[in-house]
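A.B. asks: Okay, handing you the structure first.
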Amino acid sequence: MEMELKVDSNSMAKLLKFLTGGFNGGTDVDKPLELSLKCLAEKEWNQADILMVTDGEIPRPSEWVKKDLKAAVDDLGLEIHGLLVGQQDTTPAMQDICTSACVQVVVCCWRQA
């Protein structure tokens, strides 16, 4: 799913609603990363970074996506941040995707009524 956000309260509400949803697995990491890299070619996005939010149960990106990410990091100064929800430790896929030591781990606990 692709979602364009602005810096306003409506976008924050939209993001929070999205993040509380269930997606029933089947994560494809290549497609959203490809779309993000494509956006970087547009003038309004050429200074943007990427934030990858996941539960960590994702495959490693393909070799060609890793190559394109590295090129964007080297050529554009792209930063790729990762937010792991519900994991204790980082995953090999997030280590492949994120720049530096930018993976943050958030352990969420909640109860459903």
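A.B. asks: How far apart, in nm, are two points set 7 Å out from the Cα along the Cα-to-Cβ line at K70 and at A13?
C.D. replies: About 4.5 nm, to one decimal.
A.B. asks: How charged is the neighbourhood of I97? Take every other residue with its Cβ under 9 Å from the Cβ of I97, and add Lys/Arg as +1 and Asp/Glu as -1. Kindly include the intermediate steps, with their values, before the conclusion.
C.D. replies: Values: positive: R60, K66; negative: D96.
Once all neighbours under 9 Å are counted, the net charge is +1.
A.B. asks: Under a 5 Å amide H to amide H cut-off, with H placed in plane at 1.01 Å, what residues pair with M52 once short-range neighbours are removed?
C.D. replies: Here H81, G82, L83 satisfy the definition.
A.B. asks: List the chymotrypsin sites (Phe, Trp or Tyr not before Pro) in the stretch 1-61 that DSSP assigns to loop (not H, G, I, E or B) and whose Cβ has at most 13 other Cβ atoms within 10 Å. Which are they?
C.D. replies: F23
All of the numbers you see were taken from the coordinates with simple rules; none came from a lab. Computed from a predicted structure; not experimentally measured. Counting neighbours? That spans all protein chains shown, and the Cβs are built from the backbone with ideal geometry, glycine included.
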